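Enquirer: Handing you a structure now.
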Amino acid sequence: MYKGLLTVVLALAVSLGMMLVSGCETKAQTGAGIGALAGAGLGAIVGNQFGNTGMGALIGGAAGAGGGYLIGNEGDKKDAKKESQAQINAVRDEANTVVINVTNSNGSITPVILRRSGNVYIGPKGEQYTTLPTAENLKPIYGI
């Protein structure tokens, strides 16, 4: 009776060790691995009560792997959505950014970064322009 349970516990320990050493690339994989281990352990305990530790562990492991995969996959989807939104925001920020190079009296160049918001361009000091300013417009503020 305890021999079957001991076998399952040993198999679970080896599986857990292998999972920790190999690692998982996605939350779905991690969830499936953890779910399988937890399910197999619970299944073995329940199966032991009914005299079939191995079958309980097998069914519990399969159910746990499926459930863990589904939960982890939802986490992967949320992460992908956040990453996609971050990329969209970066492209949007880049599209709404203009750099005007102001040539100074000593020949050096001062880049002035303007951010477009609707029909208004906003300078680094918070000043607003209704049209895109030229380097000559910006020279009195940012030139040397």
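The values are calculated or read from the model by the stated rules, or taken from the named source; none is laboratory data. None of these values were measured; they are calculated from a predicted model. Quick reminder, even Gly has a Cβ in these numbers, built from the backbone with ideal geometry, and neighbours come from all protein chains shown.
Enquirer: Going by the conditions given, is Val112 in contact with a helix residue (DSSP H, G or I) (Cβ under 9 Å, 6 or more places away or on another chain), among the hydrophobic types (A, V, I, L, M, F, W, C) and farther than 30 Å from Lys27 by Cα?
Expert: Considered against the rule, which asks whether it is in contact with a helix residue (DSSP H, G or I) (Cβ under 9 Å, 6 or more places away or on another chain), among the hydrophobic types (A, V, I, L, M, F, W, C) and farther than 30 Å from Lys27 by Cα, Val112 comes out as yes.
Enquirer: Looking only at segment 119-144, count every residue that is assigned to a loop (DSSP other than H, G, I, E, B) and modelled with pLDDT of 90 or more and tell me the total.
Expert: Adding up the residues that qualify gives 11.
Enquirer: Counting only residues that are of a type in the set (S, T, N, Q) and either closer than 15 Å to Ala95 by Cβ or modelled with pLDDT of 95 or more (or both), how many does segment 105-118 have?
Expert: 1
Enquirer: Another question, then. Exactly one of (1) under 30 Å from Arg115 (Cβ atoms); (2) not assigned by TED's automatic domain parsing to the domain that holds Ile122 is unmet by Leu37. Its number?
Expert: Unmet condition: (1).
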